[in-house]
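*Asks:* Input: one structure, supplied below.
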Amino acid sequence: MASAISIINHHDSKNIELDIFGVSEGGAWLSSKETRLRLEKIQESGWGSLGTDVNPNIFHNHDVISGLEKCDVIFPIIHGSPGEDGTLQGLLSFLGKPYVGSDVSASAAGMNKATMKALFTAHNISQAKYLTIDRANNSSELKLRIDEIESALTYPLFVKPASAGSSIGVSKTNDAKELLNGLVIALEYGPQVVVEEALVGRELECGVIELDGLNATPLGEIKTTNEFYDYSSKYIDESTTIIVPAIIKEQLQQQIQTISLQAFRAVGARGYARVDFFLSDDGTISCLEINTHPGFTSKSMFPKLCSEFGLDYPDLISALVKTANQIAPRRNFETLSL
């Protein structure tokens, strides 16, 4: 919601005309008119949702379908599943509309940490030691999983749902009891869990943007007083600090920028993304993840990195829309006679 409102308030209105389509918490698609009415109430109060209407079948809402068909480019601003995981991108592809950001496969890979890490491994991108754990059907299976983890990895460990964002369901564990609790929590969010060794160091982030070729932005740094950069640190705790540009040696920055481009290509990303890293005290660089649909408020890290790169917020929106129109594959379906 915050990302969408930022785009509405800061886009280049002389060259871009916006139609906005909201999706309620219940999965119902809203017409442009209804979305604007509800957004006005949210802006007046400062926070809120688009409602809990339930009707996930977009094709029953003719106002939405006809509205989308009139658009030249779609800018998906949605976080979490379903939507960020490639499902929305699949819908837009079938509608034959160019859209900002990664396609179906890259969005799915970026949303699923198990897939992402496997791709990083295949492309020799340095990362923390990890294991992927599938759902355990009973306590004895879960005990076997814990034995497997403890034989391969060293505490402290992070336990993460494979397909969740914003650090939701993530736990830091220091022993078998905490690991068990962490697995139980993470498995509530899906059938796959990633367990990885905790890293100590600076948390750095790099933007990648496609403008007549791939470009890596200067780096930013996250500093939090919490034990790790969890949901509270990202959205509630005002003591969390974003530093742009990060103070870092030029050689290390160039190395991280190069790895960012490698990560972007490894998942097949398109348009833009943010890549997150840990830099240890001994100079070891570890890639945490790639976010193919990063936060897009004017205060979010990705727009701040692009501003340091030379693109202010309105220009960034325009550049992404222009790029989407240039690089999006066209879908031409033909009837075949056999």
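*Asks:* Within the range 2-40, what residues put their amide N at less than 12 Å from the label point 7 Å along the Cα-to-Cβ vector of Val54?
*Replies:* Label zone hits: 26-28.
*Asks:* Using each residue's phi in the range 268-278, evaluate 6.51 cos²θ - 1.76 cosθ + 1.60 at θ = phi - 60° and report the 3J(HN,Hα) Karplus result to the nearest Hz, with x for Gly and Pro.
*Replies:* x, 5, 8, x, 6, 5, 10, 10, 10, 9, 10
*Asks:* Set the Förster distance to 35 Å, then compute FRET efficiency between Ile242 and Thr121 from the Cβ-Cβ distance, nearest 0.05.
*Replies:* Rounded to the nearest 0.05, the efficiency is 0.75.
*Asks:* Given the alpha-carbon gyration tensor of the range 129-197, what are the semi-axes of its equivalent ellipsoid in whole angstrom, ordered largest first, with each equal to the square root of 5 times an eigenvalue?
*Replies:* 16, 14, 10
*Asks:* Using DSSP to call loops (not H, G, I, E or B), can you name the GluC sites (Glu not before Pro) in the range 1-78 whose Cβ has at most 13 other Cβ atoms within 10 angstrom?
*Replies:* Glu17, Glu25
*Asks:* Distance from the Cα centre of the range 155-184 to that of the range 89-118, in angstrom?
*Replies:* 26 Å
*Asks:* Just in the range 126-202: which GluC sites (Glu not before Pro) are loop by DSSP and have at most 13 other Cβ atoms within 10 Å?
*Replies:* Counting only loop positions with at most 13 other Cβ atoms within 10 Å, the GluC sites (Glu not before Pro) in the range 126-202 are Glu188.
*Asks:* Tell me, rounded to the nearest percent, the portion of alpha carbon pairs in the range 200-326 spaced more than 19 Å apart.
*Replies:* The calculated P(r) of the range 200-326 puts 46 percent of pairs beyond 19 Å.
*Asks:* In addition: So between Lys41 and Ser151, what do we pick up on full extension, going 0.36 nm a residue minus the alpha carbon distance?
*Replies:* Contour length minus the Cα-Cα distance gives 34.2 nm.
*Asks:* To the nearest 10 degrees, how steeply does helix 176-187 sit against the main Cα axis of the chain, on a 0 to 90 scale?
*Replies:* Helix 176-187 sits at roughly 20 degrees to that axis.
*Asks:* If the convex hull of the alpha-carbon atoms of the chain is projected onto planes in all directions, what is the mean projected area in square nanometres?
*Replies:* With every direction weighted equally, the projected area is 20.4 nm².
*Asks:* Now for a separate question. State the percent of C-alpha pairs, over all pairs in the range 2-100, separated by a distance greater than 17 angstrom.
*Replies:* Tail fraction, whole percent: 53.
*Asks:* So what are the ³J(HN,Hα) numbers for the range 144-154, from phi and the Karplus equation (6.51, -1.76, 1.60; θ = phi - 60°), rounded to whole Hz, Gly and Pro as x?
*Replies:* Result, ordered by residue: 4, 5, 5, 4, 5, 5, 5, 7, 10, 10, 10 Hz.
*Asks:* I would also like to ask the following. Set the Förster radius R0 to 41 Å, insert the Cβ-Cβ distance between Val200 and Phe94 as r into 1/(1 + (r/R0)^6), and round the FRET efficiency to 0.05.
*Replies:* The computed FRET efficiency comes out at 0.35.
*Asks:* Within the chain, what percent of beta bridges assigned by DSSP are antiparallel, to the nearest 5?
*Replies:* 95 percent
*Asks:* Over 25 Å between C-alpha atoms is what I'm after, so list which of Lys172/Lys299; Lys160/Lys304; Lys41/Lys299; Lys117/Lys249; Lys223/Lys299 land there.
*Replies:* Lys172/Lys299; Lys160/Lys304; Lys117/Lys249
*Asks:* Spin-label point model (7 Å from Cα, Cβ direction): what's the Ser139 to Glu188 distance in nm?
*Replies:* In this crude label model, Ser139 to Glu188 measures out at 1.9 nm.
Each value in this text was obtained by applying a stated rule to the coordinates, not by laboratory testing. This structure is a prediction, so every number in the text was calculated from the model and none was measured. No Cβ is skipped: glycine too gets one built from the backbone with ideal geometry, and neighbour counts run over all protein chains shown.
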